[in-house]
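What follows draws every value from the coordinates through simple rules; no lab data is involved. Predicted model only: the values in this text are computed from it and were never measured. Using ideal geometry, Cβ is built from the backbone for each residue, glycine included, and neighbour counts are taken over all protein chains shown.
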Amino acid sequence: CSTSLVSIGEAAFWGCSFETIKLPHTLKEIGSYAFAYNSELTSIFIPNSVEVVGNWCFYNCYNCNIRCEAESKPASWGSRWNEDAMSTVWACAE
């Protein structure tokens, strides 16, 4: 039996203490505030498969470096997905 992560709900990991996250290529959607208030988060990889990222996804994650496989912000991502202007690298390989 195998399972595939397709969606991360709103505020799913609010306040958790992750340092590094590599999201799977099966993921399609990340809800608003999904990783908010994760002050220990320093690095996250978002694969090309992610079609939707909700607003304030990384709110108050001031130490986070975001690496995205996409070449630029997809139009379907919320306009405030990275409201705190975390460092973002586009067209980044895993």
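Here the simple spin-label model places points 7 Å from the Cα toward Cβ, and for Ala70 and Ala12 these points are separated by 1.6 nm.
Rg and Dmax of the chain, both derived from C-alpha coordinates alone, stand at 12.0, 40 Å. Sorting the segments 65-75, 36-46 by their residues' average number of neighbouring beta-carbon atoms within 10 angstrom, most packed first, yields 36-46, 65-75. Projected label points at Ser39 and Ser87, each 7 Å from Cα along the beta carbon direction, are separated by 2.0 nanometres.
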